[in-house]
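Please read the structure below before turning to the comments.
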Amino acid sequence: MERRSLLTALAAGVAAALAGCSSAKRSATTTAPHSSPNSTATKAPASTRVFHAPHGIVKAPVPRGTLYMLPGTGNNVALTVDDGTDPRVVAGYAKLAKDTGLRLTFFCNGVNPSWTESASALRPLLEEGQIFMANHTWSHPSLLSLSSAELTDQVRRNETFLKNTYGVLGRPFLRPPFGYRNARVDAQLADLGYPAVTMWYGSLADSTVLNPKRIVVHAEESLKAGHLVIGHANHDPVLKVYDQIVHIITSRHLQPVHLGDVYQV
């Protein structure tokens, strides 16, 4: 794509995403979780979408162990989004993905209402294969503090939520809250259907409130080929830097992927 065309597409897609964010919370509260996907998820014209599905990827088997980086070589990058305590940010990511074609992996905590409120926007993207919904436990406790029964309940309860809301279980990717895990936790997660504990290599560092400029600095440090990057849908400053995140990815000629794009699931 010529530079002028790329910048035109970038501006159009991201402007639409940002425009939708300010009213996302109001609209989300009036949208039924299982309303028709066609009512909210009409895709932007292909000519205005910055990103497209990856081609030519040979998917790797899901390993047993820990994921920090993407498999293989090339220019793939995976932005993953955790938690979802702020409905505006979840709605903003959904809008950004729809308008720009950005591929995302969401690690959901079903206890957060945002995942129900934005289901009508996210579900069509999931069905089209643009996003992947993964497990982050039901209510985000430290797994190190739980008994075996409590850990199982956290995982299974979130699977039930994902199944009822999105038609998927979130397997085989689970990110332990706070990244806290040990050999006991890893073994039990593998028995529950999550052989590869999903960590990260690079972060937007926005699990707490952060100045937008700092988020951009972390994005510049983290969004590189092969990196599995963690962000959070918890605080609204990230809404102000979506265009810069997209620009970093495009200027580096990176291909956004989700975990289902690169692993056999």
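The values are calculated or read from the model by the stated rules, or taken from the named source; none is laboratory data. This one's a predicted model, so the numbers in the text were calculated from it and none came from an experiment. Cβ placement follows ideal geometry from the backbone for every residue including glycine, while neighbour counts extend to all protein chains displayed. Side chains are part of the model used for accessible areas, which takes the heavy atoms of the whole protein and leaves out ligands, DNA and RNA. Shrake-Rupley method; radii C 1.70, N 1.55, O 1.52, S 1.80 Å.
What ranking, highest mean first, results for peptides 88-95, 221-228 when packing means the other Cβ atoms within 10 Å averaged over each residue?
Packing proxy ranking, top to bottom: 88-95, 221-228.
From the backbone phi of region 251-264, what are the Karplus-calculated ³J(HN,Hα) couplings (6.51 cos²θ - 1.76 cosθ + 1.60, θ = phi - 60°) in whole Hz, Gly and Pro given as x?
5, 9, 6, 8, 9, x, 9, 10, 5, x, 6, 10, 10, 7
Assuming a ≥ b ≥ c are the square roots of the Cα gyration tensor eigenvalues, decide whether region 65-261 counts as rounded (a/c under 1.5), prolate (otherwise, with a/b larger than b/c) or oblate.
prolate
Could you check the spin-label model distance between Met69 and Ala190? Points 7 Å from the Cα along Cα→Cβ, value in nm.
2.2
Over region 121-210, with the other protein chains present, what is the accessible area per residue in square angstrom, probe 1.4 angstrom?
39
Please compute the length gained on full extension between Thr152 and Lys240, using 0.36 nm multiplied by the number of residues separating them and subtracting their Cα-Cα distance.
Difference between extended and current length: 27.9 nm.
Could I have the simple spin-label model distance between Thr160 and Val209, label points 7 Å from Cα toward Cβ, reported in nm to one decimal?
Between Thr160 and Val209, the simple spin-label model gives 3.6 nm.
For Glu221 and Ala183, compute 0.36 nm times the residue count separating them, minus their Cα-Cα distance, and round to one decimal in nm.
10.7 nm
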